[in-house]
Amino acid sequence: MRFCTAINCMDGRVQLPVIQYLQKRFNVDFVDSVTEAGPNLILSEARNNNSIQSILSRVNISVEHHGSVGIAVVGHHSCAGNPASRDEQGAHTLNAVQLLRQQYENVEVTGLWVDSHWDVHEVN
Ligand SMILES: [Zn+2]
């Protein structure tokens, strides 16, 4: 069994699009989900350190126990937890990706944007 990890928003509308995208993206059977309201914002702000540690402790389980082959952090259209624009959320997501790459040097990390049609795009 091959796993990857989604650090996704709790929003029900983005669960299936992200899971289906990541199953293909990382060629995995299962997607472990760590959910928050607006995780890209939380991971981009150092003042949220307790929340960041909570996320990382759950990602660690996916990496250490499931051998996760990839980690994705997600931002999306119409997010109640991070109501910023697409451009601003893109900056949050890139900051989050940078933090995760420092933490998990041997796992591929990417950022995702889910648009108003619930289509998934890479954030680079
Ligand atoms: Zn959201």
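Would it be correct to say that GLN53 is part of a helix (DSSP H, G or I) and touching a Cys at 6+ places or on another chain (Cβ under 9 Å)?
No.
Give the residues of segment 79-124 that are part of a strand (DSSP E or B) and aromatic (Phe, Trp, Tyr), sorted by residue number.
Within segment 79-124, TRP113 is the sole residue that qualifies.
Residue check: is LEU22 surrounded by 14 or more Cβ atoms within 10 Å (Cβ to Cβ), under 25 Å from ARG2 (Cα atoms) and in contact with a Ser or Thr (Cβ under 8 Å, 6 or more places away or on another chain)?
Spelling it out, it is not the case that LEU22 is surrounded by 14 or more Cβ atoms within 10 Å (Cβ to Cβ), under 25 Å from ARG2 (Cα atoms) and in contact with a Ser or Thr (Cβ under 8 Å, 6 or more places away or on another chain).
Rundown of residues vs (1) aliphatic (A, V, I, L, M); (2) away from the ligand (no atom under 14 Å from the Cβ); (3) surrounded by fewer than 22 Cβ atoms within 10 Å (Cβ to Cβ), yes/no style:
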site: SER33; (1), (2), (3): no, no, yes
site: LEU41; (1), (2), (3): yes, no, no
site: GLN53; (1), (2), (3): no, yes, yes
site: ARG58; (1), (2), (3): no, yes, yes
site: ILE61; (1), (2), (3): yes, yes, yes
site: HIS66; (1), (2), (3): no, yes, yes
site: ALA72; (1), (2), (3): yes, yes, no
site: GLY75; (1), (2), (3): no, no, no
site: ASP87; (1), (2), (3): no, yes, yes
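Which of the residues that make up segment 15-44 are touching a residue at least 12 places away in the same chain (Cβ under 8 Å) and among the charged types (D, E, K, R)?
Scanning segment 15-44 gives ARG25, ASP29, ASP32, GLU36.
Looking at segment 5-14, is at least one residue away from the ligand (no atom under 16 Å from the Cβ) and either in contact (Cβ under 8 Å) with a residue 40 or more places away in the chain or among the acidic types (Asp, Glu) (or both)?
yes
Consider SER33 against the criteria (1) over 22 Å from SER78 (Cβ atoms); (2) at pLDDT 95 or above: it satisfies all of them except one. Which criterion is unmet?
The number of the failed condition is (1).
Step by step: first the residues of segment 95-118, then only those that are touching a residue at least 40 places away in the same chain (Cβ under 8 Å) and of a type in the set (A, V, I, L, M, F, W, C), then the one that is farthest from SER68 (Cα to Cα). Which residue is that?
TRP118
In segment 89-118, what residues are of a type in the set (Asp, Glu) and either within 16 Å of the ligand (Cβ to nearest atom) or touching a helix residue (DSSP H, G or I) at 6+ places or on another chain (Cβ under 6 Å) (or both)?
ASP115
Specify the residue that is farthest from VAL123 (Cα to Cα); the eligible residues are those in segment 44-98 that are at pLDDT 95 or above and of a type in the set (D, E, K, R).
It comes out as GLU64.
The values are calculated or read from the model by the stated rules, or taken from the named source; none is laboratory data. Quantities reported herein were computed from a predicted structural model and do not represent experimental measurements. Every residue, glycine among them, receives a Cβ derived from its backbone with ideal geometry; neighbour counts consider all protein chains shown.
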